[in-house]
Amino acid sequence: MSIEDPHRFLAFSTEVTAFATFDLWATGQVEAYLATVNSAIGGAILAELLSTYEKICLETEGQALSERKARLRRQIFGSEKLGPVARNIIKLWYVGTWYELPTAWSEAFGANPKDVPFVVSAAAYAEGLMWKAIGAHPAGAKAPGYGSWASPPTIPAFAGEPAIAQVKEVQVNRNEGLAR
Amino acid sequence: MSDTITTIDALKEHLYLAMQLEHATIPPYLTALYSIKPGTNVDAVQVLRVVAVEEMLHLTIAANLLNAIGGTPDLTRPGFVPSYPAHLPDGETDFKVSLAPFTKETLAIFKKIERPRLAPGSKKLVKRLYRGSVTVLGTYPGADDMQYYSIGDFYAAIEDGFDRLEKEAKVAGKTIFIGDRKRQVTSEYYYSGGGELFPVTDIGSAKKAIRLVMEQGEGAGGGIYDHERELAHYYRFDELDRERYYQPEDTAGHPTGPTFSVDWHAVYPVKTDLKLGDIDRKKSPELYEAALSFNQTYAEFLGQLTQAFNGQPQLLLQAVPRMFEFRNLMGDLIRNPLPDSGGHYAMATFEIGDNQVLRTVAIEEAGA
């Protein structure tokens, strides 16, 4: 998977963050996060994670939502290999920070010199989804304006819908050999 | 036709157009500002932000002028927000102002908006023909084919109008300044101003208000700095163009201050003058909804400002968080790729429909 193709990464991220793809693009961090994950765990494992996700989506299409969720839990979050990576990607979106993978993971699947804790950028901190999720603003950035503290926070509704349409589009494009 | 303002109704209509004109510059400035990638181009961000805030001040000053003579500011009137691109006068010719990313070309248009210029002779109005569908700013009320030679001439006509009508009224033992003093918006209601907001109650304060608008924008009168020793907008844009700061004692076109650099690549290539209809609703439902709700929220905001300018200035304080919200919403749109557009990004379309319901509500609430 090339760094220039963020759509597969976005489809998975939409599913696991419960934010809409629109909100993920709105952070302005798509490329930076994709590059972060890619360099911290390597392209092969990332590709395996995304393929697993896509397979689950396609195979559970038309079935009850609980079926897809159950398979996500078993095959991704319950996987020794994919689980920690998936959790790290969620944290990355929410706080703009990459956390070092557990030692057990590195010992089993390979250590990487880039797998160290770091804040992706100042903008990544300000664009963390956690701020939107709690209806607050990042301290020291994106000030909400004079007197705004007098109003209660607005907590957004979560999309929480499967990204099946995106997954299918990615598949179609891949089959047609289109570079997106 | 006469290029002078001879009736109070004509003056009121000119001041409505002044509000429209001042507002019309804000969406283009904000679009360019938020198209700049976060963390880059700090100089350009600072200039664009300051200019946008001062345009908001000018809008409020125009409302004060209108209120001073017993007018009713109405930002919800159909057509108040132009359909972009909109035409503006620039001497013998005109130019189009668009909602576009921050580029060298956009900056050239911004310089034209703020360019100091007055008609060479006494004739301030020129005849121009447009297709019926385009928005033309700075026209003569009631004669859409007649446009002021420049924005400077437009304001000069307003100043003359105030002078003439007040003198006539004085002769008859009256005054044109019959507006309710409580409708004036002053600094206590206006956050982070861009200048002091004083009440307009007589010919002296009216002229002072008009001068402030002209000087901050164009540096009218030939100076590059205004009374408060602040650089006029035109020269702030010129700084970005030349990548060099002006300092006191500099002359127009020759800044001698520190240099800086503009990174023209650190900008989201938003689609110029994007319309809601250009977004595929089926393919990008989230994007479509976000753009639509921005327009709806903005229309409500204009309703809120209308109430504030109609006797409830305290509402302006509530409007502040809303403006910061617009910053976030615009940023969200601008960072979203626009599918099937050849690599362009989305943006807020500022399509504010003829929302009669909203308008009526705003006016009624203001009157209540």
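The values are calculated or read from the model by the stated rules, or taken from the named source; none is laboratory data. These figures come from a predicted structure and were not determined experimentally. Note that each Cβ is placed from the backbone with ideal geometry, even for glycine, and that neighbours are counted across all protein chains shown.
Can you spot a residue in segment A:59-78 that is over 30 Å from A:GLY135 (Cβ atoms), crowded, with 20+ Cβ neighbours inside 10 Å and away from chain B (no Cβ under 14 Å)?
Quick first cut of segment A:59-78, residues over 30 Å from A:GLY135 (Cβ atoms) only: A:59-64, A:67, A:70-71, A:74-75, A:78.
Filter again for crowded, with 20+ Cβ neighbours inside 10 Å, leaving none.
Checking segment A:59-78: not a single residue is over 30 Å from A:GLY135 (Cβ atoms), crowded, with 20+ Cβ neighbours inside 10 Å and away from chain B (no Cβ under 14 Å).
When you go through (1) among the β-branched types (Val, Ile, Thr); (2) modelled with pLDDT under 95; (3) within 18 Å of B:VAL47 (Cβ to Cβ) one by one for B:VAL267, which number turns out not to apply?
Against the list (1) among the β-branched types (Val, Ile, Thr); (2) modelled with pLDDT under 95; (3) within 18 Å of B:VAL47 (Cβ to Cβ), B:VAL267 comes up short only on (2).
Name the residue that is farthest from A:ILE76 (Cα to Cα), counting only residues in segment A:3-24 that are part of a helix (DSSP H, G or I) and among the charged types (D, E, K, R).
Here the residue is A:ASP23.
Okay, residues lined up against (1) part of a loop (DSSP other than H, G, I, E, B); (2) under 20 Å from the mean Cα position of the chain (by Cα); (3) under 24 Å from A:ALA26 (Cβ atoms); (4) not charged (D, E, K, R):
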position	(1), (2), (3), (4)
A:ILE89	no, yes, yes, yes
A:ALA104	no, no, no, yes
A:ALA108	no, no, no, yes
A:ALA111	yes, no, no, yes
A:ASP115	yes, yes, no, no
A:ALA123	no, yes, yes, yes
A:ALA139	yes, no, yes, yes
A:PRO153	yes, no, yes, yes
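For every residue, the table says whether it meets (1) crowded, with 18+ Cβ neighbours inside 10 Å; (2) outside any helix (DSSP H, G or I); (3) without any contact (Cβ under 8 Å) to a residue 40 or more places away in the chain; (4) within 14 Å of chain A (Cβ to nearest Cβ).
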position: B:ASP263; (1), (2), (3), (4): no, yes, no, no
position: B:LYS283; (1), (2), (3), (4): no, yes, no, yes
position: B:GLU289; (1), (2), (3), (4): no, no, yes, yes
position: B:GLY303; (1), (2), (3), (4): yes, no, no, no
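A:LYS142: out of contact with any Gly (no Cβ under 8 Å at 6 or more places or on another chain), among the charged types (D, E, K, R) and over 21 Å from A:SER39 (Cβ atoms), yes or no?
When the stated conditions are applied, A:LYS142 passes them.
Looking at this structure, is B:LYS275 of a type in the set (Lys, Arg) and under 15 Å from B:LEU333 (Cβ atoms)?
So B:LYS275 passes the test.
Report yes if B:GLY277 is without any contact (Cβ under 8 Å) to a residue 24 or more places away in the chain, loosely packed, with under 14 Cβ neighbours inside 10 Å and in a helix (DSSP H, G or I), otherwise no.
yes
Just for segment A:1-39: of the residues that are among the small types (Gly, Ala, Ser) and surrounded by fewer than 23 Cβ atoms within 10 Å (Cβ to Cβ), which one is farthest from B:ILE279 (Cα to Cα)?
A:SER39
Determine which member of the set B:VAL51, B:VAL47 is outside any loop (DSSP other than H, G, I, E, B), crowded, with 18+ Cβ neighbours inside 10 Å and touching a His at 6+ places or on another chain (Cβ under 6 Å).
Criteria check complete, one pass: B:VAL51.
Scan segment B:324-345 residue by residue and report those that are crowded, with 18+ Cβ neighbours inside 10 Å, of a type in the set (A, V, I, L, M, F, W, C) and facing another protein chain (nearest Cβ under 8 Å).
Scanning segment B:324-345 gives a single hit, B:LEU333.
Please go through (1) outside any helix (DSSP H, G or I); (2) of a type in the set (A, V, I, L, M, F, W, C); (3) in contact (Cβ under 8 Å) with a residue 24 or more places away in the chain for A:TRP93 and return the number of the only condition it doesn't satisfy.
Going through (1) outside any helix (DSSP H, G or I); (2) of a type in the set (A, V, I, L, M, F, W, C); (3) in contact (Cβ under 8 Å) with a residue 24 or more places away in the chain one by one, A:TRP93 breaks only (1).
Could you pull out every one of the strands (runs of 3 or more DSSP E) wholly within segment B:83-157 that has 3 or more residues that are over 19 Å from the mean Cα position of the chain (by Cα) and either in contact (Cβ under 8 Å) with a residue 60 or more places away in the chain or within 25 Å of B:LEU66 (Cα to Cα) (or both)?
Strands (runs of 3 or more DSSP E) meeting the threshold: B:143-148.
Residues checked against (1) within 13 Å of chain B (Cβ to nearest Cβ); (2) under 22 Å from A:PRO102 (Cβ atoms); (3) in contact with a Cys (Cβ under 8 Å, 6 or more places away or on another chain); (4) modelled with pLDDT of 95 or more:
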{"site": "A:SER13", "(1), (2), (3), (4)": "no, yes, no, yes"}
{"site": "A:ALA18", "(1), (2), (3), (4)": "no, no, no, no"}
{"site": "A:THR21", "(1), (2), (3), (4)": "yes, no, no, no"}
{"site": "A:THR27", "(1), (2), (3), (4)": "yes, no, no, yes"}
{"site": "A:VAL37", "(1), (2), (3), (4)": "no, yes, no, yes"}
{"site": "A:LEU46", "(1), (2), (3), (4)": "no, yes, no, yes"}
{"site": "A:LEU50", "(1), (2), (3), (4)": "no, yes, no, yes"}
{"site": "A:LYS55", "(1), (2), (3), (4)": "no, no, no, yes"}
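Looking at B:PHE350, is it surrounded by 15 or more Cβ atoms within 10 Å (Cβ to Cβ) and either in contact with a His (Cβ under 9 Å, 6 or more places away or on another chain) or not in a loop (DSSP other than H, G, I, E, B) (or both)? It would help to see each step written out before you state the result.
Working: surrounded by 15 or more Cβ atoms within 10 Å (Cβ to Cβ): yes; either in contact with a His (Cβ under 9 Å, 6 or more places away or on another chain) or not in a loop (DSSP other than H, G, I, E, B) (or both): no.
It is false that B:PHE350 is surrounded by 15 or more Cβ atoms within 10 Å (Cβ to Cβ) and either in contact with a His (Cβ under 9 Å, 6 or more places away or on another chain) or not in a loop (DSSP other than H, G, I, E, B) (or both).
On the basis of being within 14 Å of chain B (Cβ to nearest Cβ) and out of contact with any Phe, Trp or Tyr (no Cβ under 6 Å at 6 or more places or on another chain), does A:GLU31 make the cut?
yes
B:ARG77 - would you say it is part of a loop (DSSP other than H, G, I, E, B), at pLDDT 90 or above and out of contact with any strand residue (DSSP E or B) (no Cβ under 9 Å at 6 or more places or on another chain)?
yes
Check A:TRP131 against each of (1) in a loop (DSSP other than H, G, I, E, B); (2) within 14 Å of another protein chain (Cβ to nearest Cβ) and name the one condition it does not meet.
For A:TRP131, the failing item is (1).
So the check is Cβ under 8 Å with 6+ separation or different chains; which pairs have a first residue in segment B:168-192 that's more than 19 Å from B:ASN310 (Cβ to Cβ) and crowded, with 16+ Cβ neighbours inside 10 Å and a second one that's charged (D, E, K, R) and at pLDDT below 95?
Partner pairs satisfying both residue conditions: none exist.
Is there any pair linking a residue in segment B:204-232 that is at pLDDT below 85 to one that is of a type in the set (S, T, N, Q) and crowded, with 21+ Cβ neighbours inside 10 Å, with Cβ under 6 Å and at least six apart or on different chains, and which?
B:ASP226/B:GLN216
For B:PHE260, state whether it is over 26 Å from the mean Cα position of the chain (by Cα), among the hydrophobic types (A, V, I, L, M, F, W, C) and modelled with pLDDT under 95.
yes
Return the only residue of B:THR60, B:THR40, B:THR25, B:THR7 being under 18 Å from B:VAL270 (Cα atoms), over 9 Å from the mean Cα position of the chain (by Cα) and among the β-branched types (Val, Ile, Thr).
Values: B:THR60 fails: under 18 Å from B:VAL270 (Cα atoms); B:THR25 fails: over 9 Å from the mean Cα position of the chain (by Cα); B:THR7 fails: under 18 Å from B:VAL270 (Cα atoms).
None of the others qualify; the one that does is B:THR40.
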